[in-house]
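Below: the structure, in structure tokens.
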Amino acid sequence: MTRLEKRAFIKKQVIRGLILLALIILSFLLAKKNLQAEQIGWLEPLYNKPGLVFFLFSLSEMLSGIIPPELFMIWGLQASVNIGYWYIIAILSVISYVASFIDFSIGKYLQHTRYYRYVRKRYLQKYEQQLEDFGGALIIIAALTPLPFAAIAMLIGAGGYPTRQYLLYSLSRIVRFFIYGWILGQINYL
């Protein structure tokens, strides 16, 4: 991959991330403006059960981020009366970091199994070229953009990437949570 192609790939991922964030913010603002309390009352039991929400988030993060983390941050805005918004963001970021390390470890452990070969062929193969082109920088790119962080973590683990470097580079995931958390916190005041 040429330098120009690498820049184009990073630019594409950043744009995808900004579009996704904009869609989530727009949906949040529309829901906040147009939905009445009784229309979303069925969600109220979740506000008082952070353990359940954190458990669901953990599952989502280990399964390639099925539910965008920003939705859990929005939940944090609503549930922060009892816990504190920034405390919730910190917990979500640590859960994401730990879940990605679990995926990384699974990749290391399963790299020579038939199951991993199936998962690799079915889901991860499209990211192998990016891993070859970007190396450890792919961890940071995936941590900050909509690339499936869990899948990248598993692929990098299976590729024999050094654990210490993975743990260092994946700290950028925490940075994403605090930046997005700040943005959503500001939007909440509109």
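All told, Gln129 meets the bar of being in contact (Cβ under 8 Å) with a residue 60 or more places away in the chain and surrounded by fewer than 19 Cβ atoms within 10 Å (Cβ to Cβ). Ile140 meets the stated requirement of being at pLDDT 85 or above, in a helix (DSSP H, G or I) and farther than 18 Å from Glu70 by Cβ. Regarding region 163-175, can at least one residue be identified that is part of a helix (DSSP H, G or I), in contact with a Phe, Trp or Tyr (Cβ under 7 Å, 6 or more places away or on another chain) and farther than 28 Å from Thr113 by Cβ? Yes, region 163-175 contains at least one residue that is part of a helix (DSSP H, G or I), in contact with a Phe, Trp or Tyr (Cβ under 7 Å, 6 or more places away or on another chain) and farther than 28 Å from Thr113 by Cβ.
Specify the residue that is nearest to Ile156 (Cα to Cα); the eligible residues are those in region 73-118 that are of a type in the set (Val, Ile, Thr) and modelled with pLDDT under 80. Step by step, filter region 73-118, then rank; the result is Ile83. Looking at the structure I just gave you, is Leu147 in contact (Cβ under 8 Å) with a residue 40 or more places away in the chain, in a loop (DSSP other than H, G, I, E, B), of a type outside the set (Phe, Trp, Tyr) and out of contact with any Phe, Trp or Tyr (no Cβ under 9 Å at 6 or more places or on another chain)? Against the criterion (in contact (Cβ under 8 Å) with a residue 40 or more places away in the chain, in a loop (DSSP other than H, G, I, E, B), of a type outside the set (Phe, Trp, Tyr) and out of contact with any Phe, Trp or Tyr (no Cβ under 9 Å at 6 or more places or on another chain)), Leu147 does not qualify.
Taken over region 19-43, the criterion of being surrounded by fewer than 13 Cβ atoms within 10 Å (Cβ to Cβ), modelled with pLDDT under 85, of a type outside the set (Phe, Trp, Tyr) and assigned to a helix (DSSP H, G or I) is satisfied by Leu30, Ala31, Lys33, Asn34, Gly41, Leu43.
The values are calculated or read from the model by the stated rules, or taken from the named source; none is laboratory data. Not measured: the values here are computed from a predicted model. FYI the Cβ positions are ideal-geometry reconstructions off the backbone, even for glycines, and counts take in every protein chain you see.
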